[in-house]
Each structure stands twice: as C-alpha cells, then as structure tokens.
1. Label points 7 Å out from Cα along the Cβ direction at Val160 and Met25: separation in nm?
2. Report the full-extension gain for the segment Arg126 to Trp11: residue separation times 0.36 nm, less the Cα-Cα distance, to one decimal in nm.
3. Calculate, for Arg61 and Arg118, the FRET efficiency according to 1/(1 + (r/R0)^6) with r their C-beta to C-beta distance and R0 22 Å; round to the nearest 0.05.
4. With every protein chain kept in place and ligands, DNA and RNA left out, what is the accessible area per residue of region 3-46? Probe 1.4 Å, answer in Å².
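The values are calculated or read from the model by the stated rules, or taken from the named source; none is laboratory data. Treat the numbers as computed from the prediction; the structure is a model and nothing was measured. Cβ placement follows ideal geometry from the backbone for every residue including glycine, while neighbour counts extend to all protein chains displayed. The accessibility values were calculated without ligands, DNA or RNA, using every heavy atom of the protein model including side chains. Shrake-Rupley method; radii C 1.70, N 1.55, O 1.52, S 1.80 Å.
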Amino acid sequence: MDNALLALYVWFSLALLFTGCVGSMGDVPARVSELRMTLVFALHAALSLGLSAHIAWRRLRWVPVEGEPIVASQEAGPPYPPNIYRSSGCGWRWTYCGVTYTAEDYTPGDYLFAWEKRTTLWVDPRDPSRLLPSTWGLRLLSYLTFGGVSAYFALRLWGVVP
C-alpha cells in the first residue's frame with residue numbers, strides 16, 4: 001500500500017506541475033495564471049500533509065516488532081529477492097504473538113537497510129501482516145519537505161512571504 005501511495009504521490013505531483021505550467025502559458029491574464037499556480041501549490045501541499053499524517057498516525061498506533069531481512073536469514077538456496085529485484089528492496093520476516101510473518105517490500109532504497117541483522121519494524125496489531133516500510137522516516141521527511149516548499153511558493157505568490 002505504501003508503494004502505491006508513493007507512486008501516486010509522484011504521479012500526482014508531476015501531473016499538477018504539468019497542469020500548472022501548461023495552464024500558465026498562452027493568452028491568459030496574469031491574475032488567472034497566479035490563481036491557477038496557487039491552487040496547484042495548495043493541492044500539492046495538502047496531499048503532502050495528508051500522506052505525512054497517514055504515516056505519523058500509523059507509526060503512533062502500530063506496534064514495534066523486531067524483524068530481519070529475509071536475505072540475512074537464508075542459509076542456503078537461491079537469493080531472495082531474485083537478482084533483478086535486489087536493487088529495489090528486500091523481504092522482511094518478523095514474529096508477532098508467536099506467529100511469523102513475511103512481507104516483500106520493493107521500496108527504492110530499502111536494500112540499503114538490508115545489511116542490518118535485525119531492525120525495528122512497525123506492524124498493525126489488528127492485522128500483523130501489514131508492515132510499515134523501514135523507509136517510513138525518509139518518506140515522511142520527503143513529504144514534509146516537498147509539501148513545505150509548495151506551501152512556501154503558494155504563500156509567496158500572494159505576497160505573504162517575501
């Protein structure tokens with residue numbers, strides 16, 4: 001789910017940027033162009049803050065468990081994930097209430113954390129198979145950064161911020 005939200009965020013950000021830029025070109029009055037760009041920046045800031053709140057809510061409500069990358073836990077056999085996916089993520093294994101769960105999370109950059117033997121993962125106590133990716137902090141930081149930049153430009157267009 002987090003990967004789909006990240007992909008939709010990137011797609012929606014690019015679509016908003018394209019809409020704002022194309023809508024500002026041509027024979028439109030300056031006031032209409034300014035209003036359109038303000039709306040684009042405000043929508044992007046709202047989306048960023050919404051996704052940030054979603055991650056923060058899950059991080060506060062879900063429970064921490066100790067997990068390990070599946071790559072580190074294999075003793076023999078073919079590599080997991082397969083080599084074609086290895087640069088984009090890894091699988092995780094954790095135990096919650098005596099039951100062992102696994103999840104595949106092909107998040108860009110997630111493989112950087114696979115060198116750890118064990119790490120803290122966050123899971124939903126109602127459905128322990130749902131995992132908050134270990135890159136949640138990086139995602140939260142990027143959403144807040146890009147949302148803050150969009151909010152700054154929206155306020156700058158109206159002269160509130162110098």
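1. With each label point 7 Å from Cα toward Cβ, the separation is 3.0 nm.
2. Value of the extension gain: 38.3 nm.
3. Computed FRET efficiency for Arg61 and Arg118: 0.45.
4. Per residue, region 3-46 has an accessible area of 65 Å².
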